[in-house]
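Here is the structure we will look at, set down as structure tokens.
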Amino acid sequence: MTVQEIDKIRYDVLGPKVVKALENKYYEAYYCSSVKEGVKKALSLIPQNSIVSWGGSQSCVDSGLIDCVKNGNYKIIDRDSAKTPEERYNLMRDALFSDVYLTSFNAISEDGIIYNIDGNGNRVAAITFGPKSVVALVGMNKICHTSEDAFVRAKQVAAVRNATRFGLKTTGCAVTGNCQNCYSSECICSVIQTLRFCKNKNRIKIILVGEELGF
């Protein structure tokens with residue numbers, strides 16, 4: 001068997017167990033064996049004509065979810081449509097009043113502790129409070145054994161890869177390849193979010209996908 005085939009078997013075994021752990025923490029959670037199934041489930045959780053926005057989620061882009069929403073019957077708040085920095089900032093604020101906010105997470109432990117790292121804080125703000133519903137599409141490659149492992153993944157894997165994706169030059173991870181807990185003006189690790197449980201039961205809906213997806 002290939003590495004991908006071995007991982008797939010593991011994902012299909014572990015995924016439902018993580019879903020149960022998330023449900024015990026009051027999230028609405030699902031396991032979908034493929035990205036295609038995950039996108040279909042995500043779309044089923046977005047009411048027609050609702051106001052939809054999203055953060056900078058590579059998972060939502062690569063899966064095709066963002067394109068599906070743009071082509072669907074929804075009212076879109078897309079910060080990338082802005083023509084000026086001020087307009088972009090205002091759209092990011094408007095996203096906090098959306099009906100549905102699309103995102104992914106940087107890491108989840110097997111017992112359901114979630115970590116996110118953000119630069120401006122708009123994504124973690126929306127996840128925490130504002131939008132009526134949050135729909136997160138998360139690849140099983142982001143599942144870690146313990147909460148400590150999940151924290152390390154968020155810092156040393158997700159943040160470092162995102163810094164590379166953004167073409168940053170002055171952060172510690174851009175210079176060395178690993179997180180240095182820097183204070184560069186380009187740093188995208190200014191806010192670290194820990195989600196212990198979903199206070200507003202089922203507001204946050206998590207779709208685990210049995211494939212590698214995102215960073």
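Around the Cα centre of the stretch 123-198, unit charges on the Cβ atoms of Lys, Arg, Asp and Glu (plus for the first two, minus for the last two) sum to a dipole of about 200 debye.
Can you give me the relative contact order of the stretch 3-137 as a percent, contacts being Cα pairs under 8 Å and 6 or more apart? Write down the numbers at each step before the final one.
Details: 173 pairs, mean separation 34.0, N = 135.
Taking the mean separation of contacting Cα pairs over the length of the stretch 3-137, I get 25 percent.
Going highest first, how would you order 108-114, 124-130, 93-99 by mean Cβ packing within 10 Å?
Going by the mean number of other Cβ atoms within 10 Å, highest first, we get 108-114, 124-130, 93-99.
Look at the dipole of the chain built from charges on Cβ: of ILE143, ASN122, ASN49, the Cα furthest out on the positive end belongs to ASN49.
Rolling a 1.4 angstrom probe over the stretch 1-160 with all protein chains present gives an accessible area of which 54% lies on carbon and sulfur atoms.
Based on the alpha-carbon gyration tensor of the stretch 74-215 and its eigenvalue square roots a ≥ b ≥ c, which shape applies: rounded if a/c is under 1.5, prolate if not and a/b is larger than b/c, or oblate?
Numbers: a/c = 1.83, a/b = 1.06, b/c = 1.73.
Judged from the Cα gyration tensor, the stretch 74-215 comes out oblate (a/c at least 1.5, b/c at or above a/b).
For CYS144, the residues whose amide H sits under 5 Å from its own are ILE108, SER109, GLU110, ignoring neighbours fewer than 5 places away on the same chain, with H placed 1.01 Å from N. The aspartates and glutamates within cross-link reach of LYS169, meaning a Cα-to-Cα straight distance under 20 Å and a gap of 8 or more places when in the same chain, are ASP118, GLU186.
Please compute the Kirkwood hydrodynamic radius over the stretch 8-95, one decimal place, Å, based on all pairs of different Cα atoms.
Numbers: mean 1/r = 0.0669 Å⁻¹.
Answer for the stretch 8-95: a Kirkwood hydrodynamic radius of 15.0 Å.
In the context of the full set of protein chains, residues of the chain present 51 Å² of accessible surface per residue (probe radius 1.4 Å, heavy atoms only).
The values are calculated or read from the model by the stated rules, or taken from the named source; none is laboratory data. The structure displayed is predicted, hence computed values, not measured ones. Here the Cβ is made from the backbone with ideal geometry for all residues, glycine too, and neighbour counts use every protein chain on show. In case anyone asks, the SASA skips ligands and DNA or RNA and just uses the protein heavy atoms, side chains included. Shrake-Rupley method; radii C 1.70, N 1.55, O 1.52, S 1.80 Å.
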